[in-house]
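Heads up, the thing below is written out as structure tokens.
The values are calculated or read from the model by the stated rules, or taken from the named source; none is laboratory data. What you see is a predicted model; the values in this text were computed from it and never measured. Virtual Cβ from ideal backbone geometry, glycine too; neighbours counted across all protein chains shown. Heavy atoms of the whole protein, side chains included, go into the accessibility calculation; ligands, DNA and RNA do not. Shrake-Rupley method; radii C 1.70, N 1.55, O 1.52, S 1.80 Å.
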Amino acid sequence: MTGTVPSDAPSEELDDHAIAAQVATAAGELLTALRAELVDAGAPRWAIEQEGDRRAHELIMDALTELAPGDAVLSEEGRDHASRLTAERTWIVDPLDGTREYGELRHDFAVHVALVVDHAPVAGAVALPALATTLSTHPAPTLPPAPAHGPRLVVSRSRPAMICHVIADDLGGQLVPLGSAGAKAMAVVRGEAEIYAHAGGQYEWDSCAPVAVAAAAGLHVSRIDGSPLRYNRPDPWLPDLLICRPEHAERIIELVRARVGTSIEDDEAEMWA
């Protein structure tokens, strides 16, 4: 089975950016190989999803224990420990972002690995296993030139948030349905879309690594009212998110503030879902 983290370099020779990229890539390789094996064995969708979540989580936890000993970890698939709140360094990971897409044999799922210091992601990587691609904070992706047409907004496949319709109408844009949060954010990084605005609520592991990579690429990242994103909080629920090309940020934030006031509280964000 592929997906083993290479051990040819001691952990002290790897910086945090390299650790994030290496671990995310290894988990992605494992997920790709595992899904193929389970499909060949005739496994049902639920089993594919469950095994993907479990095996990717185990690989990431083992890898971070080896490569970043002593650091705290917050994982979607693991138990939350209060010790992370006082740790100097906390890794926030989503071993399989887009479990449904993974089980449906789609390509738009991802692996998120990010390091947070003082509530901000300082290194991160997002693997897109079905595309055999990992984007990381170093070397940072190069943002493609702005397109001549109206902006494309990546949205939920099943329930696009109301705010996305408002933004698209105002900017003359179009909605592009896509799967996982990581796939959506990386579509903006890769120049396949220009805006990812979300207001239906997520957890920190859904956006931490994508935000790290997007910011490194030069994109605007914030909550949808323009306030800063903060990670490794006691409650990992994050109501809303904006990742977009810088030229669109001011107008989007103006639209949001005009509708709900100067800032968006958690309960206000829910009404945009």
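Of the residues making up region 99-121, those that are small (Gly, Ala, Ser) and over 10 Å from the mean Cα position of the chain (by Cα) are Gly103, Ala120. Which of the residues spanning region 62-78 are open to solvent by less than 10 Å² (accessible area, probe 1.4 Å) and either free of Cβ contacts under 8 Å to residues at least 24 places away in the same chain or under 16 Å from the mean Cα position of the chain (by Cα) (or both)? Of everything in region 62-78, those that are open to solvent by less than 10 Å² (accessible area, probe 1.4 Å) and either free of Cβ contacts under 8 Å to residues at least 24 places away in the same chain or under 16 Å from the mean Cα position of the chain (by Cα) (or both) turn out to be Leu74, Ser75. Please enumerate the residues belonging to region 127-170 that are farther than 30 Å from Ile19 by Cα, in contact with a helix residue (DSSP H, G or I) (Cβ under 8 Å, 6 or more places away or on another chain) and surrounded by fewer than 19 Cβ atoms within 10 Å (Cβ to Cβ). Matches in region 127-170: Ala146, Gly150, Val166, Asp170.
Failed condition for Val176, given (1) open to solvent by 10 Å² or more (accessible area, probe 1.4 Å); (2) closer than 27 Å to Val23 by Cα; (3) in a strand (DSSP E or B), with all others met? Of (1) open to solvent by 10 Å² or more (accessible area, probe 1.4 Å); (2) closer than 27 Å to Val23 by Cα; (3) in a strand (DSSP E or B), only one is false for Val176: (2).
Conditions tested, residue by residue: (1) within 19 Å of Pro160 (Cβ to Cβ); (2) within 16 Å of the chain's Cα centre (by Cα); (3) not in a loop (DSSP other than H, G, I, E, B).
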{"residue": "Ala185", "(1), (2), (3)": "yes, yes, yes"}
{"residue": "Gly200", "(1), (2), (3)": "yes, yes, no"}
{"residue": "Trp205", "(1), (2), (3)": "no, yes, yes"}
{"residue": "Ala249", "(1), (2), (3)": "no, no, yes"}
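Scanning region 224-231 finds no residues that are open to solvent by 40 Å² or more (accessible area, probe 1.4 Å), at pLDDT 95 or above and among the small types (Gly, Ala, Ser). In this structure, is His81 out of contact with any His (no Cβ under 8 Å at 6 or more places or on another chain) and open to solvent by 70 Å² or more (accessible area, probe 1.4 Å)? Against the criterion (out of contact with any His (no Cβ under 8 Å at 6 or more places or on another chain) and open to solvent by 70 Å² or more (accessible area, probe 1.4 Å)), His81 qualifies. Taking first residues from region 182-199 that are touching a residue at least 24 places away in the same chain (Cβ under 8 Å) and partners that are open to solvent by 10 Å² or more (accessible area, probe 1.4 Å) and β-branched (Val, Ile, Thr), the Cβ contacts under 6 Å between residues at least 6 apart in sequence or on separate chains come to Ala193/Val176.
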